[in-house]
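Undergrad: Submitted below is the structure of interest, expressed as structure tokens.
Bear in mind that the values in this text are calculations on the coordinates, not laboratory data. Given the structure is predicted, the values throughout are model-derived calculations rather than measurements. Cβ coordinates were reconstructed from backbone atoms using ideal geometry, including for glycine residues, and neighbour counts include every protein chain displayed.
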Amino acid sequence: MSNPAILWSFRRCPYAMRARLAIKASGFSVRLREIVLRDKPAPFLAASVKGTVPVLVLPEGRVIDESLDVMFHVLGVNDPQGWLDIYHTDTSFVEAELDVLDHQFKHHLDRYKYATRYDDVDETEHRTKGAAFLAKWNDRLQNQPALSGDRIGLLDFATLPFIRQFRIADPTWFDAQDWPHLQAHLHQFLDSPLFLSVMEKYKPWAETGDEYAF
Ligand SMILES: N[C@@H](CCC(=O)N[C@@H](CS)C(=O)NCC(=O)O)C(=O)O
């Protein structure tokens with residue numbers, strides 16, 4: 001029998017969340033090892049020196065240590081809900097959107113949510129700049145049911161964990177914005193059995209040595 005695939009993960013990390021979402025949707029079988037970021041286990045760092053989650057170690061030893069690459073890999077093996085349809089029909093649009101999300105939007109999200117970790121940042125300025133992206137996504141959802149088009153797919157699941165984080169910084173402020181389509185889309189996601197299933201709690205691997213069928 002071949003080795004199982006291992007997923008090094010951290011429950012609250014939005015990058016790890018989107019990897020877990022794609023893994024669940026694809027039915028790709030992994031053993032999940034939960035880590036604590038301030039106490040990274042040596043075998044995790046040995047798999048990927050950059051030390052970020054998620055890290056997927058495939059049975060033959062290949063390491064995938066970028067969340068979008070994990071999504072593309074497992075959905076490339078099996079994509080029963082057609083999450084990649086939007087990517088196949090409009091590759092350049094999806095690539096541009098993912099780039100904006102992971103760089104521009106994430107830049108403002110971090111400086112808004114974790115303002116105290118940076119020198120000299122104006123939290124409100126970054127909230128305003130991040131909100132411009134959220135407003136655009138809300139407008140898109142006014143005309144179509146999902147960020148990925150007719151059906152929820154890759155763009156939605158890659159983005160929603162970060163929209164969730166933006167809301168968590170100040171839920172009262174977020175809920176008071178005039179983004180009814182985005183707010184409804186986020187709540188539908190947060191209440192979904194898929195999201196709830198990837199947010200189960202696991203004990204850290206470093207403490208127990210336990211990994212979990214996921
Ligand atoms: N570009 C990476 C980013 C992953 C990332 O930054 N994850 C954070 C947690 S949300 C992390 O592991 N940070 C390392 C640390 O905090 O030490 C990806 O998409 O997988």
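Undergrad: Explain nothing, just compute: Karplus ³J(HN,Hα) = 6.51 cos²θ - 1.76 cosθ + 1.60, θ = phi - 60°, for every residue of region 57-64 in order, whole Hz, x for Gly and Pro.
TA: 9, 7, x, 7, x, 5, 10, 10
Undergrad: Something else now. Please give, to one decimal in nm, the separation of the simple spin-label points placed at residue 197 and residue 110, each 7 Å out from Cα toward the Cβ.
TA: The two pseudo-label positions are separated by 3.2 nm.
Undergrad: Okay, next question. Once the other residues with Cβ under 14 Å from the Cβ of residue 34 are scored (Lys, Arg +1; Asp, Glu -1), what is the net sum? All intermediate terms of the calculation are to be shown ahead of the outcome.
TA: On the way: positive: 11, 12, 20, 31, 33, 38, 40, 201, 203; negative: 39, 200, 207, 210, 211.
That sum, taken over residues with Cβ under 14 Å, equals +4.
Undergrad: Next question. What list of whole percents do you get for P(r) of the chain, with Cα-Cα distances grouped in 5 Å bins up to the one holding the largest distance?
TA: 1, 7, 14, 18, 19, 17, 12, 8, 3, 1, 0
Undergrad: Which whole-Hz ³J(HN,Hα) couplings does region 14-28 yield from phi under the Karplus relation 6.51 cos²θ - 1.76 cosθ + 1.60, θ = phi - 60°, glycine and proline marked x?
TA: Listing the rounded values in order: x, 5, 5, 4, 5, 5, 5, 4, 5, 4, 4, 5, 8, x, 5 Hz.
Undergrad: Using modelled backbone amide H atoms (1.01 Å from N, in-plane), which distant-in-sequence or interchain residues come within less than 5 Å of residue 5's amide H?
TA: Distant-sequence amide H within range of residue 5: 31.
Undergrad: Let me ask something else. Highest mean first, what order results for 156-163, 86-93, 73-80 on Cβ atoms within 10 Å? Could you put the intermediate results ahead of the total?
TA: Numbers: 156-163: 24.8, 86-93: 13.8, 73-80: 16.4.
Descending packing order for the listed peptides: 156-163, 73-80, 86-93.
Undergrad: Whole-Hz Karplus ³J(HN,Hα) for region 76-88, in order, using 6.51 cos²θ - 1.76 cosθ + 1.60 and θ = phi - 60°, x for Gly and Pro?
TA: Listing the rounded values in order: x, 7, 7, 9, x, 9, x, 4, 8, 3, 4, 5, 5 Hz.
Undergrad: Just going by the charge dipole of region 85-194, with Lys and Arg at +1 and Asp and Glu at -1 on Cβ, which of 168, 154, 134 is farthest out on the positive end?
TA: Farthest along the dipole direction, towards plus: 168.
Undergrad: Could I ask something else about it? Compactness ratio of region 108-208: Cα Rg over 2.2 N^0.38 Å, N = residue count?
TA: Numbers: Rg = 15.4 Å, N = 101, 2.2 N^0.38 = 12.7 Å.
In units of the 2.2 N^0.38 Å rule of thumb, it is 1.21.
Undergrad: Right, another one. How much FRET efficiency would the formula 1/(1 + (r/R0)^6) give for residue 142 and residue 52, where r is the Cβ-Cβ distance and R0 is 25 Å, rounded to 0.05? Let's see the in-between values first.
TA: Numbers: r = 35 Å, r/R0 = 1.39.
Step by step, r from the Cβ atoms, then E = 0.10.
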